[in-house]
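Structure, as structure tokens:
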Amino acid sequence: MEYLDTVSICKINIGLFVTEKRSDGYHNIETIFYPITKLYDHLIFKKSDNFEFECNIPSLQDDNIIIKALKKLENYIDDKLPVKIVLHKNIPFGAGLGGGSSNAAETLKALNLLFDLNLSTYELLQIASQIGADVPFFINPAPTFASGIGDYFTPIDFKISYPILLVKPDFGISTKEAYANIKPKKASIDLKELSGKKFSLDLKLLPQIKNDFENFAFSKYSELENIKNELLKFGAFFAMMSGSGSTIYGIFDNMDNLNLAKNFFNDKYQTFIV
């Protein structure tokens, strides 16, 4: 194999509780990672004489997490992997959708195939954990309860059978800044209780599903709170910020309402139906 053409998907968080600050400076969290397959980046890997990396967004050309993933893999196998990587970015960055982490995980998987490294899933997970806390999730993305710093995974029986509208304003939120302004507290619900339940307007647990980062994000960027409120006004039965922001998503049980919301937001923001 000389060439590999693939995609890397994104995720949203269903609930996100920051429960404590650890002695190592990180924070323990509880969340559900939910994979979104209809919004993805396009990646091309081709064997080459030298390493090359191209991206359609110039600001993401240097110091990209894909390069970090490549270097971690090379360190693990103690060999160089001469490859040209082309990234066409569609997932907004600084959005709380995990696009960068997904790119890194897809890089590990693709290079493992392209160069016949024969690394096991366990080995890929070990390398992924050295790149970022949620990179391992994208090695085998499925609905997952995550705890620790977002690196302890428990697969759950969880499915959203409704369309989702993602709304991304033209700014991102620094994860480092978001954590610096968080006040950890006990989770208001055990998100694992969602396993096996239908995620709908009738779900009694819905009002208890929160994202602890919203307090900081909404106080600094009132625009985000406005987006969430508008999604609810248009008929979303659930709306929340994903990750540390800045994407807000709404889940609808009526496609007409979703389309009205999309048309409303289209002039100002990036919108995606997934």
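The values are calculated or read from the model by the stated rules, or taken from the named source; none is laboratory data. Bear in mind that the values here come from a model prediction, so they are computed numbers and not experimental data. Every residue, glycine as well, gets a Cβ built from its backbone with ideal geometry; the counts of neighbours run over all protein chains shown.
Descriptive notes on the structure:
- Those residues of region 56-81 which are touching a residue at least 24 places away in the same chain (Cβ under 8 Å) and within 14 Å of GLY132 (Cα to Cα), in sequence order: ASN64, ILE65, ILE66, LYS68, ALA69, LEU70, LYS72, LEU73
- Within region 112-180, strands (runs of 3 or more DSSP E) holding 3 or more residues that are touching a residue at least 40 places away in the same chain (Cβ under 8 Å) and in contact with a helix residue (DSSP H, G or I) (Cβ under 8 Å, 6 or more places away or on another chain): 144-147
- Region 16-71, residues that are small (Gly, Ala, Ser) and surrounded by 15 or more Cβ atoms within 10 Å (Cβ to Cβ): ALA69
- Restricting attention to region 72-124, the residues that are within 19 Å of SER8 (Cα to Cα) and either within 23 Å of the chain's Cα centre (by Cα) or in the same structural domain as MET241 (by TED's automatic domain parsing) (or both) add up to 32.
- Members of region 248-264 found to be surrounded by 22 or more Cβ atoms within 10 Å (Cβ to Cβ) and of a type in the set (A, V, I, L, M), listed by number: ILE248, ILE251, LEU258, ALA261
Rundown of residues vs (1) of a type in the set (Phe, Trp, Tyr); (2) assigned to a helix (DSSP H, G or I); (3) over 13 Å from ASN112 (Cα atoms), yes/no style:
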| position | (1), (2), (3) |
| --- | --- |
| HIS42 | no, no, yes |
| PHE45 | yes, no, no |
| ASP49 | no, no, yes |
| PHE53 | yes, no, yes |
| ASP63 | no, no, yes |
| ILE67 | no, yes, yes |
| LEU70 | no, yes, no |
| ASN75 | no, yes, yes |
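- The residues on offer are PHE137, PHE145, and the sole one that is buried (at least 16 other Cβ atoms within 10 Å of the Cβ) and within 9 Å of ALA105 (Cβ to Cβ) is PHE137.
- Residues (surrounded by 14 or more Cβ atoms within 10 Å (Cβ to Cβ), hydroxyl-bearing (Ser, Thr, Tyr) and closer than 15 Å to SER242 by Cα) located in region 148-187: THR175, TYR179
- Test result for ASP24, under 22 Å from the mean Cα position of the chain (by Cα), acidic (Asp, Glu) and modelled with pLDDT under 95: no
- Number of the condition not met by PHE115 [criteria: (1) closer than 30 Å to GLU214 by Cα; (2) modelled with pLDDT of 95 or more]: (1)
- Matching residues in region 157-214 - criterion: being of a type in the set (Ser, Thr, Tyr), more than 16 Å from the chain's Cα centre (by Cα) and under 27 Å from GLN270 (Cα atoms): SER161, TYR162, TYR179, SER200
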